[in-house]
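For reference, the structure discussed in these notes is given below.
The values are calculated or read from the model by the stated rules, or taken from the named source; none is laboratory data. This is a predicted model, so every value here is computed, not measured. Positions of Cβ are generated from backbone atoms using ideal geometry, with glycine treated the same way; all protein chains shown enter the neighbour counts. Ligands, DNA and RNA are stripped out before the accessible areas are found, and what is left, the full protein with its side chains, is counted by its heavy atoms. Shrake-Rupley method; radii C 1.70, N 1.55, O 1.52, S 1.80 Å.
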Amino acid sequence: MLFIAGLGNPGRKYCNTRHNVGFDAADELAEAHGIKIAKKKFCALTGEGMINTMRIILVKPVAYMNLSGEPVCSLLKYYRIPPTDMIVVYDDVNLPAGDIRVRKNGSAGGHNGMKDIIRCVKTEEFIRVRIGIGMKPPEHDLADYVLSKLKGADAAAVREGVLKAADAIRLIITEGADCAMNRFNKRLKPAEKIGDE
């Protein structure tokens with residue numbers, strides 16, 4: 001079984017915010033593959049189903065973003081799934097809106113939800129799919145920016161990123177992470193390199 005966790009914050013007030021694109025990607029996969037993410041377990045909403053021939057569990061931790069680690073870790077233990085069979089999808093303020101990046105391992109890159117997951121599972125060796133939400137304007141507070149509602153061109157670009165993330169996860173399942181990295185990771189010029197590359 002493959003474990004796919006989309007990160008976000010619970011509650012209607014956080015819907016359609018930059019910080020919730022991981023939830024959006026999980027919902028996109030659920031809708032496309034007839035999976036209902038509704039079963040509450042270990043402070044997370046879960047749903048089981050199939051993507052192609054792979055049995056998967058979709059997970060949306062409903063602790064707040066910074067506390068994502070305990071629900072993820074508890075569910076991995078419950079289902080006896082090693083972290084190496086996990087994909088985490090989440091927002092990245094260091095990527096242009098709508099771009100995605102697939103990595104097979106690495107640090108949290110400053111993302112507090114990922115920091116908490118790495119702390120709890122005690123490894124960085126799991127796949128992550130980052131969805132670009134665009135860099136914050138200099139005059140904005142980071143927390144206010146990631147929790148702000150998506151509008152206009154930003155909303156359209158980020159929605160495209162969510163769809164690409166879902167496609168990347170399907171490709172990881174069918175052909176592997178290397179194939180997804182080759183297809184979806186935009187090559188940046190040296191001067192453009194940002195975040196946890």
Practice task
For region 127-134, indicate whether the set of residues that are of a type outside the set (Gly, Ala, Ser), within 20 Å of Asp24 (Cβ to Cβ) and in a helix (DSSP H, G or I) is non-empty.
Solution key: no
Problem - Pairs where the first residue, in region 140-162, is more than 10 Å from Arg18 (Cα to Cα) and the second is open to solvent by 30 Å² or more (accessible area, probe 1.4 Å) and assigned to a helix (DSSP H, G or I), C-beta under 6 Å, 6+ apart - result: Val162/Asp24; Val162/Glu28
Practice task
Within region 147-196, count every residue that is aliphatic (A, V, I, L, M), over 20 Å from Cys15 (Cβ atoms) and at pLDDT 90 or above.
Solution key: 8
Practice task
Search region 97-118 for residues that are within 22 Å of Leu171 (Cβ to Cβ) and among the β-branched types (Val, Ile, Thr) and pair each with any residue that is at pLDDT below 95 and assigned to a strand (DSSP E or B) when their beta-carbon atoms are under 7 Å apart and the residues are at least 6 apart or on different chains.
Solution key: Ile100/Gly132
Exercise for the section: Would you be able to tell me the number of residues in region 74-112 that are open to solvent by less than 50 Å² (accessible area, probe 1.4 Å) and under 18 Å from Lys164 (Cβ atoms)? Expected result: 16
Exercise for the section: Please enumerate the residues belonging to region 1-29 that are in contact with a strand residue (DSSP E or B) (Cβ under 7 Å, 6 or more places away or on another chain) and open to solvent by 10 Å² or more (accessible area, probe 1.4 Å). Expected result: Met1, Leu2, Asn16, Arg18, His19, Phe23
Fill in the blank from the handout: For region 14-28, pairs from a residue that is closer than 14 Å to Pro61 by Cβ to a residue that is open to solvent by 20 Å² or more (accessible area, probe 1.4 Å), with Cβ under 6 Å and 6 or more apart or across chains, are His19/Leu147; Asn20/Tyr14; Phe23/Lys60; Ala26/Lys60
Exercise for the section: Just name the residue that is most open to solvent (accessible area, probe 1.4 Å) out of those in region 30-44 that are touching a helix residue (DSSP H, G or I) at 6+ places or on another chain (Cβ under 9 Å) and hydrophobic (A, V, I, L, M, F, W, C). Expected result: Phe42
Handout entry: Matching option when the condition is out of contact with any helix residue (DSSP H, G or I) (no Cβ under 7 Å at 6 or more places or on another chain), crowded, with 18+ Cβ neighbours inside 10 Å and over 29 Å from Cys179 (Cβ atoms), among Pro137, Pro71
Key = Pro71
Practice task
Quick one: count up the residues across region 29-63 that are in a strand (DSSP E or B), more than 15 Å from Gly8 (Cα to Cα) and touching a residue at least 12 places away in the same chain (Cβ under 8 Å).
Solution key: 10
